[in-house]
Amino acid sequence: MRQIDPDFLALPLRRLADAALQRARELGAEFAAFRLERVRAETLRLFDARLEGSSDADDLGFAVRVVKNGTWGFAGGITLTPEAVAEVAAQAVLVAEVSAPLNREPIELATEPVHEGVWVSSYDVDPFDVPLRDKVALLGDWSSGLLAKGVDHVSASLMQVKEQKFYADSAGTVTTQQRVRVHPALTAMKTEGSTFDDMRTLAPPVGRGYEYLTGTGWDFPAELAELPDLLAEKLTAPSVKAGTYDLVVDPSNLWLTIHESIGHATELDRALGYEAAYAGTSFATFDQLNTLTYGSPIMNVTGDRTADHGLASVGWDDEGVQGQRFDIVRDGTLVGYQLDRRMALMKGLGRSNGCAFADSPGHPPIQRMANVSLQPAENGPSAEELIAGVDDGIYVLGDKSWSIDMQRYNFQFTGQRFYKIENGRLAGQLRDVAYQATTTDFWRSMDAVGGPETYVLGGAFNCGKGQPGQVAPVSHGCPPARFRGVKILNTVQEGGK
Amino acid sequence: MTPQEVVERALALPGADDRVVIVDEDTSANLRFAGNTLTTNGVARGSRLTVISIVGAGTGVVSRSGVTPDQIAGVVGAADQAARDAQPSEDARPLVAGDVAADWDRPAEETSIAVFRDLAPALGEAFAAAEAGGRRLYGFAEHLVNSVFVGTSTGLRRRHDQPTGRLELNAKSPDMTRSAWVGAATRDFTDVDIAALDATLAQRLEWAKRKIDLAPGRYETLLPPGAVADLMIYLYWSSGARDAFDGRTVFAKPGGGTRVGEELAKLPIDLYSDPARAGVECGGFTVAHTSSREQSVFDNGFTLGQTKWIAEGKLANLIQSRHSAEVTGLPETPAIDNLIMEGPAGGKSLEEMIAATERGLLLTCLWYIREVDPQTLLLTGLTRDGVYLVENGEVTGEVNNFRFNESPVDLLGRITEVGAASQTLPREWNDYFTRTIMPPLRVPDFNMSTVSQAN
C-alpha cells in the first residue's frame, strides 16, 4: 500500500486540531470537528494534438465545524498557525450564535465509535510524479493517431486529483487519508456534408493513478483504434424513428442513469426536503421505506464507500464515520437511504452509513453519494445474450446528455452510440436518439441484468449538489441490463426540424 | 504581505522571459434554510496565487492557495520550470501593455457574517409568518467578495473588487404539492425586501390551489426574465468563436466560417455585455488563469467594454481571445461577466403581458438544462416551481410540470413579444452567473415534450 505524502504529514496537524477543538470547547461548543485538507488538481487540454491549456492548482486550508446550543456553526481558514486556527474556531462558534434565531431543529448526532487510523486509496503511480511533458506527449500521440485516421479534430483532456485530508473531532476520532483519481478523455470530431458529430472514449474516470493510462484497468490503444470508423458510421447512420423500443443499456451509459434516478433519489437529505430549494427532493419519500417497489425483482442496488478504485471510496467520511457497504434496493424494494449522522439519529436509523463529505476545506460536509451500484445476477447473461432476447430494440453505449426533474421522476438521456437491434442481432448505428422515462417505470421494466463478468465501474468527477455548490467524485458499477418498452425520441424532430 | 506586494515579489524574481501574476482574495458568508429552519451556514476565506511564466513561446501555469511569503519563490520556480518544459503555446503573443491603475494600492475588500445582520432577523420573521400561514420556506443566501490583482512584467497593474450576492426563496405547502420560487441578485443585501418576496410566494401558492392537468404539446408561453436568463446564458456559453470557426457549434456556417452577420431574431433584439452597466457592474479587464478555446493567459489585463453579441436580431460577435481573433478574422471580444438582453423601447411588464394573454402558460423557472444536440443547440430541461395557466388575461390555476426540448437559437426566431428588461437572478446557473438583465418573452409554440410528475 502507498503511504501518505510526507510533506502533508509534516504539517502541524495535531497541534492545529488541538488548538481548534480546545477553543471551541472553551466557548461552549457541544461538538467540534477540525478538518485540514489539501486538494491538488491538474488539468491538461489538447486540441488537435497541441497543448491548448493546463492548470496545476491546489486548495490548502482547514475548517472548524461546531454545534453550539443545538445550532451548527462553520468557519474555514487558510493560515496554518494555532492562533489563527483558534480564531477560526471562535468564528465558527459566532456563526452558530448568529444563526441560532433561525434554527428550530436542535442538532444531535448519531453515535459513532472513536477511530484512529490512516487510509490510502488503491493506486500505483502518483500522477503528480509524472512529468507534464510525458503526459502531453502521450495525449498528443493518441490525438495524432486519430487525426491520421481521418477525423477532422480531436480534443483530449486529462484531469488528475490528489486529495489529502486530516480529521479530528471532540469525541476523539483522528484520521488521515489520501486518495488519487484520474480521468483521461478523447473526443473525435468529423463533418459529413452539412452534419457534424463527435464521439468520446468510453473509458470512465477511476480511483487509480497514472497506471490507468499505461495499460492497467483500460486498453486505450484498442479503444482509440476503433473510434474513427465508429464515428464515420455514426455520421452516415439513419435517423431513429421515434417510438417505443426494448433497450439493452451498456454500463458505459447505465451508470449515469443509476446516478440520477437511484443515487440522488435515495439521498435522505433530499427525501426529507433539505435540498428542496436547489437540487430538489425525491419521489422516494421516507414513508415508503421498505414498501416502495422501485424496480423489478431482479433489481439490487448497494451503496458502497469501500469499493476498490471507487471514486467515492474513503476510509472515513467527514463526520468521522467509517466507510461501509449497505443495501439501498433489495429484490426491487427500497430498503435504505444514504445518511449522515444527524439524519441517521433523527429518523431512528441507528449508525450513519458514512455519506457526509465536503469537497474542499472551505465548505461544510453535506450528505453526498456513496458508490451506488446495480448488482449483477449470479450466472447472469452476457451483453450478447441480452441483445439476443430483443426483436426490435436499441443498444445504448456511452453517456452524453442527461437531465432529470427535481423529484427524480422524469429523465431523458442520450449516448455516444446507439445500435439498432433486429431479431436479436445488432444492425448498424442510429442517430438522433434520446430515451425518456419515469424512474420507477424504467426500473420496473428491467427484465434481465448481466452476470458478474460484465460488471463495470463508471462514474464522474463532478457530481454537483448543495449551496454553496459542491462537487464530488462518485463511481457507479453495473452490468449491462435490458429494459422493455422504453420511449425513444428523435432529437431532430424534438428541435422542430 | 499585501496582495500587491505578493504580485511585485513574484514578478521581480528571475527565471522567465515574461510573467503574469494573479492574486485572488476571496471571502464568503452564507445561510441555508429548509422547512422554516436553518440547516447550514458558514464563513470562509481563501487566497490564491497564480503565476503564469513565459519562456520563449512556452507557458507554465501554477496556482497555489494559502501561499506564505517564503513559498512565493517556489510557486514561481514551478511555473518557470513548466514553461521551460512546455511546447510552444499557440496563443503566444506580446502581453497586454499598460500602466498602474489609480486604485491599485487599495486593500482587498471583504465580507463577513455581518452582511446578514438585517437579513437574518427578516428571515426569522418570514419563517414565523410562513409557519402561521401554512407555508414552508426553503432557500439560500450567499455573499461573496472576490478581489483580484493582476500584474504583468510589461508594467500593467489592475485590480477589481467584485461583490456577488444572491438570495433564493422557495415556498411550499406543508404537503409539498405546491411550490413557488423567487430569487434576487444583489451586491450587498441592502436592496432585498424579504417581506415583499414572501408576499409574492404566498400569492403564487394561492394560484396553485387550483390544479389543471395539461398534456404535452406546443403552447403559447410567457417566459419570465429569470427563465430567459438561463436560456441566454447557455447560448452565451456556447458562442465561442473558435469552436464555431472549427465547425463544432450552432454558430458554425455550413461549408466554413461562422454565422456572424446572420439574422437570428426577427424582432430587433440586442444581447450584450457591458462591465459598466448599473446594477450588474463587473470587471473591466480580462482575467485568465489558464488558456482555453475562448480565452488566453496572454490577454490578462485586456480592457473590456460594451460588446454586442446579438445586435438588432443579428449575430454580431462571438467570444474569443486576441489569438482566436487572428484565426477567425473577427474582432477581439473576450468574455464579460454579465449579460443583458433588450428589445424595442416600450416593452410591457410581465404583468401587462399576462393581462394581454388570451390563453397561455406562465413559467416560473427552468431547471436541469442540458445540451441535447450542439448542431442546433437543442436543450432539454424541466419547468419548476409553478407553471400557471393564463386565460383571458388572468392566472386561473397551476398546471403540471413539463420536460421541454427547445433551442434558444431557434426560439429567438419565433419570439413574438419582448417585454421590459429588468435585473433578474437565473435559477439554473446562478452558481456561476448572477449578473443579468433580461426581459420577459412571449413564445407562441414552446415545445413541452412530456409531462413531469414532479411538483
*Does region A:462-488 hold any residues that are open to solvent by 10 Å² or more (accessible area, probe 1.4 Å) and either more than 20 Å from the chain's Cα centre (by Cα) or more than 30 Å from B:Trp429 (Cβ to Cβ) (or both), and which are they?*
A:Arg482, A:Arg484, A:Gly485, A:Lys487
_So B:Ala57 passes all but one of these: (1) modelled with pLDDT under 95; (2) more than 11 Å from chain A (Cβ to nearest Cβ); (3) under 26 Å from A:Val85 (Cβ atoms). Which condition number does it fail?_
(3)
*Take A:Leu146 and decide whether it is within 14 Å of another protein chain (Cβ to nearest Cβ) and either within 28 Å of A:Arg38 (Cβ to Cβ) or not basic (Lys, Arg) (or both).*
no
*For region A:164-182, indicate whether the set of residues that are open to solvent by less than 40 Å² (accessible area, probe 1.4 Å) and within 14 Å of another protein chain (Cβ to nearest Cβ) is non-empty.*
yes
*For A:Asp152, are the conditions met, namely being among the acidic types (Asp, Glu) and under 22 Å from A:Asp219 (Cα atoms)?*
no
_Qualifying positions in region A:4-59 - polar (S, T, N, Q) and modelled with pLDDT under 95_ = A:Ser54, A:Ser55
*asked:* Just to be sure before I move on: is A:Glu192 open to solvent by 50 Å² or more (accessible area, probe 1.4 Å) and within 14 Å of chain B (Cβ to nearest Cβ) in the structure I sent?
replied: yes
*Could you check, for region B:72-82, whether at least one of its residues is within 12 Å of chain A (Cβ to nearest Cβ), open to solvent by less than 30 Å² (accessible area, probe 1.4 Å) and modelled with pLDDT under 95?*
yes
*Got a sec? Which strands (runs of 3 or more DSSP E) wholly within region A:3-116 have at least 3 residues that are over 26 Å from the mean Cα position of the chain (by Cα) and more than 9 Å from chain B (Cβ to nearest Cβ)?*
A:50-68
*Of all residues in region B:28-62, count the ones that are open to solvent by 10 Å² or more (accessible area, probe 1.4 Å) and under 19 Å from B:Leu144 (Cβ atoms).*
10
_Single unsatisfied condition, B:Leu377 versus (1) of a type in the set (A, V, I, L, M, F, W, C); (2) surrounded by fewer than 22 Cβ atoms within 10 Å (Cβ to Cβ); (3) touching a residue at least 24 places away in the same chain (Cβ under 8 Å)_ = (2)
*Mind checking which strands (runs of 3 or more DSSP E) fall wholly inside region A:335-437 and carry at least 2 residues that are facing chain B (nearest Cβ under 10 Å) and in contact with a Phe, Trp or Tyr (Cβ under 6 Å, 6 or more places away or on another chain)?*
A:392-404
_Among the residues listed as A:Ala242, A:Ala232, A:Ala222, A:Ala237, the single one being farther than 16 Å from A:Lys400 by Cβ, open to solvent by 10 Å² or more (accessible area, probe 1.4 Å), in contact with a Gly (Cβ under 9 Å, 6 or more places away or on another chain) and small (Gly, Ala, Ser)_ = A:Ala232
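Residues checked against (1) open to solvent by 10 Å² or more (accessible area, probe 1.4 Å); (2) touching a strand residue (DSSP E or B) at 6+ places or on another chain (Cβ under 7 Å); (3) polar (S, T, N, Q); (4) within 14 Å of chain A (Cβ to nearest Cβ):
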{"site": "B:Thr396", "(1), (2), (3), (4)": "yes, yes, yes, no"}
{"site": "B:Asn405", "(1), (2), (3), (4)": "no, yes, yes, yes"}
{"site": "B:Ala420", "(1), (2), (3), (4)": "yes, no, no, no"}
{"site": "B:Pro440", "(1), (2), (3), (4)": "no, yes, no, no"}
{"site": "B:Val443", "(1), (2), (3), (4)": "no, yes, no, yes"}
{"site": "B:Phe446", "(1), (2), (3), (4)": "no, yes, no, yes"}
{"site": "B:Ala454", "(1), (2), (3), (4)": "no, yes, no, yes"}
_Show the residue pairs meeting these rules: Cβ distance below 6 Å; 6+ apart or different chains; first residue within region A:149-160 and closer than 14 Å to A:Asp198 by Cβ; second residue basic (Lys, Arg)._
A:Val151/A:Lys190; A:Asp152/A:Lys190; A:Ser157/A:Arg45
*Does A:Leu138 satisfy being more than 8 Å from chain B (Cβ to nearest Cβ), surrounded by fewer than 17 Cβ atoms within 10 Å (Cβ to Cβ) and assigned to a helix (DSSP H, G or I)?*
no
*asked:* Test of understanding: among A:Gly70, A:Gly76, A:Gly61, which residue is under 30 Å from A:Asp124 (Cα atoms), open to solvent by less than 20 Å² (accessible area, probe 1.4 Å) and in contact (Cβ under 8 Å) with a residue 40 or more places away in the chain?
replied: A:Gly61
*Of (1) open to solvent by less than 10 Å² (accessible area, probe 1.4 Å); (2) among the hydrophobic types (A, V, I, L, M, F, W, C); (3) assigned to a loop (DSSP other than H, G, I, E, B), B:Leu214 satisfies all except one. Which?*
(1)
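For residues that are within 16 Å of A:Ala312 (Cβ to Cβ), in a strand (DSSP E or B) and touching a residue at least 60 places away in the same chain (Cβ under 8 Å), tally how many sit in region A:164-206.
So the answer is 7.
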*asked:* I'm trying to understand the selection: among the residues of region B:17-52, which are of a type in the set (A, V, I, L, M), touching a helix residue (DSSP H, G or I) at 6+ places or on another chain (Cβ under 7 Å) and more than 8 Å from every other protein chain (Cβ to nearest Cβ)?
replied: B:Val20, B:Val21, B:Val23, B:Ala29, B:Leu49, B:Val51, B:Ile52
_Looking only at region B:255-290, filter to residues that are more than 25 Å from B:Asp161 (Cβ to Cβ) and of a type in the set (Gly, Ala, Ser); which one of those is nearest to the other protein chains (Cβ to nearest Cβ)?_
B:Gly255
*asked:* Against the condition among the acidic types (Asp, Glu) and within 14 Å of chain A (Cβ to nearest Cβ), how does B:Glu371 come out, does it pass?
replied: yes
*Does region B:96-114 contain any residue that is assigned to a strand (DSSP E or B) and either away from chain A (no Cβ under 11 Å) or surrounded by 20 or more Cβ atoms within 10 Å (Cβ to Cβ) (or both)?*
yes
*Inside region B:332-358, can you point out the residues that are assigned to a loop (DSSP other than H, G, I, E, B) and open to solvent by 70 Å² or more (accessible area, probe 1.4 Å)?*
B:Glu332, B:Ala345, B:Gly346, B:Lys348, B:Glu358
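The values are calculated or read from the model by the stated rules, or taken from the named source; none is laboratory data. What you see is a predicted model; the values in this text were computed from it and never measured. No Cβ is skipped: glycine too gets one built from the backbone with ideal geometry, and neighbour counts run over all protein chains shown. The protein model used for the area step is the full one, side chains on, heavy atoms only, and it has no ligands, DNA or RNA in it. Shrake-Rupley method; radii C 1.70, N 1.55, O 1.52, S 1.80 Å.
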